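Student: Would you mind keeping the following structure in view while I ask a few things?
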Amino acid sequence: MPVRLLVGIVTAFACFTCSPRPATPSPSTSPVALSRVPHLGLGPADDIDAVDFEVDPKGTLHVAWRAVIKKPASSGATYKMLYARGERGGAIWSQPVEIESRLGKPPQVILTPGRIHIIQEQDLRHFVSEDDGRTWREVASHLPTGARVVGLDVLSLGETLLLACLVRLPGTGDGTLELQVALWSDKAEGSFRRIASFPGSNFQQPAPRLVLDGSRIHLLCGVNTPNRRTISSGGRSVEEIEVSGRLIYLGSEDTGTTWSPSVEVVPDKTLPEPIKVLQAVELVPLHGRIHVLFSAFGLYETNSSDGHKWSVPIAVAPYRVSVSQGTYESGSVSAAVYGGSGYVAWIDARFRRSDRRWWNPLGGVPWSDDSPFWANNDVFLLPWADLEALSASHPAHPDRLTPPGQSARGLRVRAAGAGRFYLLWTERTGGKNLTTSGAQPEIVFTTVPRQ
C-alpha cells in the first residue's frame, strides 16, 4: 500500500473516532468509604462472576456469589456458590458457607420471615436456610419443563415467592423466548405460565424485574431481538441483522395470578434510532409514577403514570469520550427507594483507559485485532431527587464511587429501613486483562445515608 494512502487512511480514522468536543473531565472519587467482604480465599486466576445480596430488618447483610475457581491449565474450572452473613451492617462477617461446590450458577437472594432463600439462575435450583445461613437444604427445582432460563427475578410476598423467568424454548428452531411466571410456597408450588412471548434470539438477555407497589405488582422485561433487513452492497442484495432492545411492561392486581396485556414501553418510531443492545433494566415505582431505567450503551430513563403511556426516554448523566479515553459501554443498573427518597447506581466506561493516541488512533500495533481498551470502569451514584429533576437541558451530575483503575460488575442497591442504603458489587484492579492483572477479585460494599 502506498505510504500516502496509508497516512490518509490513518488520518481519516483519527478524525472519525475523535469526539468533536473534549472528553468529560475525570471527577474526583466520592469520599464514601468502601468495605470488603473478608475470607473469600481467592487468587488472581480466580473470578467472581455473579453476586447478589439482601438486608434484613436487623441490618444484617446476606450475600451470595458464584466463584470461578481455575484448575490447572488442562482441567478447566469449578463453579462454587457461596454465602456469607454480615452482621451489624457488615461490621462482623461469618466464614463463607459453600452451598454448591462444582456446578453453581449465578445466585439470587430472597428473604421471607425466618428464612433465607437462594435460587440459582439458569437451572432454578432452590436452597433454603432457617438458621441465619449456617446450614442449607435444597428443595425441588422450579425449572420449566425443557426450557432454558436466560433471565430471572424473584419477589418475596410474605411466605410466598413469585418467580418471573425469561426462557428460551427448545425445538422451535429460532429459540423462541417466553416470559413465564410461577408462585412457590411450602404448601403449594404453582406451575409456570406464559404471559408474553417474543421472536427468537440467541443474544444475551437482561434479567426481568419484579417490584411490589402496595397491592400492585409491576413487571418489566427487556429483550434483545434481531431485526433483519436487506441492503444493497456491491450491486447485490445482502441480508443484514441488527440486534436491538425492546422493553415490555405488565402489571398484576392479584399477587401475580393474572396479568395485564403487555405494553411496549418505547414503541417503534418513538426514538430516531432503535434502542441499542440492553445490558440491564431496572424498575422503580415512586411518587405516583413507574420509572424504567435501562442500560444500553448509556443509561436512559422513561416513566409512566399508568403503565400504558410512557415518556420519551432521556439520557441519565450523558457524557462524551475522546479518541484516547472512554467508551459508551454500560453495565449493571440498580436502584432502591424508601420513604420517598432513594438512589440509582450504575456502571459505565466513560473513563476507561485506552491505548489510542492522536499519533496512533488504532492503539497498539497498526492493524492489530487487539482491542485498545483496558478493562477498567466505574460505579456511579445519583440521588433519586436528581434523577426526577433531570431533563435534556439539565443533565445529572453523579458521584463516582470507585477509585481510578478498578473494574466493577454485578452492582446491587438495597434499602435498609429508614436510615441508609447499601451498595454492593464485585471489583478487581483493572488492566488490559483482568485474569493476568495479579489482583484477586473482591466483593465491595458501602452505605449512603437517606437523602
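Student: Provide, for q = 0.11 Å⁻¹, the log10 of I(q)/I(0) from a solvent-free Debye sum over equal Cα point scatterers in the chain.
Tutor: -0.95
Student: Now for a separate question. Can you tell me the 0 to 90 degree angle between the C-alpha axis of helix 3-17 and the longest principal axis of the chain, rounded to 10?
Tutor: The answer is roughly 40 degrees.
Student: Which three semi-axes in whole Å describe the equivalent ellipsoid of region 191-345, each the square root of 5 times a Cα gyration tensor eigenvalue, listed largest first?
Tutor: Semi-axes, largest first: 30, 22, 13 Å.
Student: Need one number for region 235-292: average projected area of the convex hull over its C-alpha atoms, nm².
Tutor: 6.8
Student: Shifting gears a bit: Quick one: Debye curve from the C-alpha atoms of region 200-280, no solvent, what's log10 I(q)/I(0) at q = 0.12, 0.17, 0.22, 0.25 Å⁻¹?
Tutor: Log10 I(q)/I(0), no solvent term: -0.47, -0.78, -1.05, -1.16.
Student: Would you compute the Debye intensity of region 310-359 from its alpha-carbon atoms alone, equal scatterers and no solvent, and pass along log10 I(q)/I(0) at q = 0.14, 0.15, 0.28 Å⁻¹ to two decimals?
Tutor: Cα-only, vacuum Debye calculation for region 310-359: -0.53, -0.58, -1.09.
Student: Also, quick follow-up: May I ask you to evaluate 6.51 cos²θ - 1.76 cosθ + 1.60, the Karplus curve with θ = phi - 60°, for each residue of region 332-340 and list the ³J(HN,Hα) values in order in whole Hz, giving x for glycine and proline?
Tutor: Values per residue, Gly and Pro as x: 4, 9, 8, 8, 8, 10, 7, x, x Hz.
Student: Follow-up. Quick check of the Kirkwood formula: for region 314-421, what is the inverse mean of 1/r over all pairs of different Cα atoms, in Å?
Tutor: On the way: mean 1/r = 0.0646 Å⁻¹.
Taking every pair of different Cα atoms in region 314-421, averaging 1/r and inverting gives 15.5 Å.
Student: With θ taken as phi - 60° and the coefficients 6.51, -1.76 and 1.60, list the Karplus ³J(HN,Hα) couplings across region 282-291 in order, rounded to whole Hz; mark glycine and proline as x.
Tutor: For region 282-291, the Karplus-derived couplings read 9, 9, 9, x, 6, 6, x, 10, 9, 9 Hz, x marking Gly and Pro.
Student: Moving on. Output needed for region 111-187: three equivalent-ellipsoid semi-axes, defined as square roots of 5 times the C-alpha gyration tensor eigenvalues, in descending order, whole Å. Could the numbers behind the result be given before it?
Tutor: Values: eigenvalues 142, 30, 16 Å².
Taking √(5λ) for each eigenvalue gives 27, 12, 9 Å, largest first.
Student: Counting only pairs 8 or more residues apart or on different chains, how many lysine pairs in region 47-206 have their Cα atoms under 16 Å apart? Can you show the working numbers first?
Tutor: Working: Lys70/Lys80; Lys70/Lys105; Lys71/Lys80; Lys80/Lys105.
Final tally of qualifying lysine pairs is 4.
Each reported figure results from applying straightforward, stated rules to the coordinates on display, with no laboratory input. Only a predicted model underlies this, so the values are computations on that prediction, with no experimental measurement involved.
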